[in-house]
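Notes follow the structure.
Just so it is clear, none of the values below were taken in a lab; they were calculated from the coordinates. Note that this is a predicted model, so its numbers are computed, not measured. With ideal geometry, Cβ positions are generated from the backbone for all residues, glycine too; neighbour counts draw on all protein chains shown.
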Amino acid sequence: MKKKDKQTSAALFSTNYEKIFKESIENPESFWSKVGSLLSWSKPWRKVLDNSNEPFTKWYVGGEINACYNAVDRHVEAGNGSKVALIYDSPLTGVVKNITYSELLEKVSKLAGLLARYGVERGDRVLIYMPLIPETVIAMLAVVRLGAVHSVVFGGFAAAELCTRIDHAEPKIIIAASCGIEPNKFVSYMGELNHAVDMCVHEPQKCIIYQRKGIFCADLDPERDIDWEEAVKNVESVPCVPVESNDPLYILYTSGTTGEPKGVQRPTGGHIATLMFTMKVLYGLGPNDVWWATSDFGWVVGHSYMCYGPLLYGITSIIYEGKPTTTPNPSSYYRIISEYKVNSVFTVPTVLRILKEADPEASYGAEYDTSSLKKIWIAGEHMDMSSKLWAEKIFNVPVLNHWWQTETGSAISGVCASLTNPCTNKGLSAGLPFMGYNVQVLLKDGSLADANELGRIVVKLPLPPGAMSTLYKANDRFYKNYFTKYSGFYDTMDAGYINENGLIYITARADDIINVAGHRLSTLAIEDIVLSHPDVSSACVVSVPDKIKSEIPLCLFVMREDASLNEYVIAKEVITMVRDHMGPVASFRLAAAVRGLPTTRSGKICRRSISDLARSKLKKIPGTVLDPTVYKEIEEVLRKLGFCT
């Protein structure tokens, strides 16, 4: 592969946010050409932007590139092979392991050779079903090394969800681990895989299995299954296969409302160029910084900022196979930051809430030096002010909210850490629009909202490089879902407003706005008030039907273990608090305690499922929910309140 030395962003771009953002909107071809030059291309692009078939926009047209080469090979060739690429820390297994860029290259090249032996070629799909271990990154990179397309399935999904994705993606090969591990049990990935394949219409040619020796080794089918570690001993490494910039890098299935698989298809060149750019400009990372994103490889953050982003930038990142407070206790996060001199953490607000609830005085962190930490980045769900202020006090760093979606693959907004910004990220703002995102707020009639006026958040087309190119096997659905409601705009389906300084505030998903007798209220705004009660550890507010006002808000909350009040007094107090803050217009009169809320592994609360349950419309429990048993108690509580009838 021909190499083109990456240039430093400092030599290419202004350090002034307003200047650089303006160029990205008014001169996109010039701007994104400079971003593209941060990577190594095997063939230069003919045209930066082709928007002749909007919204099926193409970037770096005709350019050929390989994501694995840019993430691994070029760093080794530049003499940085001895630098640590990945630090794997698993308190669940007692294993700590460093993998250098040279070691990563060898492992990836060997696995790619094995995939090639079984016929994987450019454009083929390979499904990956693995836990939070370095081999997941190795599998992803080995697939794209061959110009093939990976589809990583979250390890928390059971056989039915896995089957749906196998049948839709039709992978030539499946790569899986023998098991995953939780604090009190191991999860047989192989059992789920066997069950899924038995149910599938599509049959993979082979399954490559990574046996987690010392935990659980699965029985393999000699006709179908291949032992990863044994098989790679006898294969040759293979070189990178360049692909056209707009060829897919991966397919990532995300939640939809129709029950049909919704596979976000990500273009290669634009995506990796944007990720490379964000590591410096948005997150403000230096070449020797240590990065820790606390997500899962099955989600978009795992793709963008656990696998590709830090490796493209050539830094060290952490893979932590554990929990915030139970592996073994709330000291885990402090230990990781201290031990590995972590400079930036990217997490979800729920992690901070869990740490605050379990150890409000941070006594478990007292013995650890976390002074290396410069920033905590949050995204993915609503952040309450009390948890934000707590984290800023405990870690002595800013907690920076930013906003993005699976569909975009990186930030739509945030305050760029390496730029001079016109204002600071105040309160619960999601920051300023990121480069290429012409963000606007529209009212129901399509007119532009005033400053601080709540409406639907949209992005004027074209979308910048790296956003999804389409939905896999569903071009019509892609167009209908995102681009028909507001002509010329991408519909984010989020609600919010932009203030007089240009800061963006996300108040809810559009379907989390409750229309109470004509008054539009944000469920997250109500949650923020409830979470300020000292005896409440977590809460969710959902819409429930009402004969008079069509719909009204209902709150389910979880009490702190050391709560000083009983659940009935707390319920009365939070109702009073909401009415005092928002007035009687909120029609807020329903609040009840539950022992647990349905959350995903990343900590997100599955609010829609509760709202559907209240309406007797919940057809099945989401496969991402960690503890499905919580629905039984929630249903009982809802029945007492007059719902689920």
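Descriptive notes on the structure:
- With eigenvalues of the C-alpha gyration tensor scaled by 5 and rooted, the range 230-322, Å: 23, 21, 17
- Potential extension, Ile215-Glu29 segment - 0.36 nm per residue separation minus Cα distance: 61.8 nm
- Taking a point 7 Å from the Cα of Glu339 along the Cα-to-Cβ direction, the residues of the range 86-104 with backbone N closer than 12 Å to it are 87-98.
- Sparse-neighbour loop sites [GluC sites (Glu not before Pro); the range 529-571; at most 10 other C-beta within 10 Å; DSSP]: Glu561
- Centroid-to-centroid, using Cα positions, the range 221-280 and the range 559-583 are 47 Å apart.
- Residues Val441, Val345, ranked from the fewest to the most other C-beta atoms within 10 Å, line up as Val441, Val345.
- Stretchable slack from Ser82 to Asn452, in nm (0.36 nm times residue separation minus alpha-carbon distance): 128.1 nm
- Here the calculated FRET efficiency for Phe56 and Asp167, from their Cβ-Cβ distance with R0 = 22 Å, stands at 0.30, rounded to the nearest 0.05.
- Taking only Cα atoms of the range 518-590, radius of gyration then Dmax in Å: 12.1, 40
- For the chain, the spread of Cα coordinates along the three principal axes comes to 69, 57, 53 Å, biggest extent given first.
- When the P(r) is computed for the range 147-245, the part past 23 Å accounts for 31% of the Cα-Cα pairs.
- Pairwise FRET efficiency - His202 versus Val235, Cβ, R0 = 22 Å, nearest 0.05: 0.30
- Overall, the chain carries a charge dipole of about 920 debye about its Cα centre when +1 sits on the Cβ of Lys and Arg and -1 on the Cβ of Asp and Glu, all other atoms neutral.
- Secondary structure note: in the chain, about 60% of the DSSP beta bridges are antiparallel.
- Cβ-Cβ FRET estimate between Asp445 and Tyr479, R0 fixed at 30 Å, reported to 0.05: 0.85
- Relative intensity, log₁₀ I(q)/I(0), of the range 299-443 from a Debye sum that treats every alpha carbon as a point, q = 0.10, 0.12, 0.15, 0.16 Å⁻¹: -0.36, -0.52, -0.82, -0.93
- Based on every Cα atom in the range 519-640, Rg and the maximum pairwise Cα distance Dmax equal 13.9, 38 Å.
- Considering all different alpha carbon pairs of the range 217-373, the Kirkwood hydrodynamic radius works out to 18.8 Å.
- Bridge type composition, the range 519-640 - antiparallel percent by DSSP, nearest 5: 75 percent
- In a DSSP loop and with at most 14 other Cβ atoms within 10 Å, the GluC sites (Glu not before Pro) in the range 34-136 are Glu121.
- Of the GluC sites (Glu not before Pro) found in the range 153-254, those in coil by DSSP whose Cβ has at most 13 other Cβ atoms within 10 Å are Glu223, Glu236.
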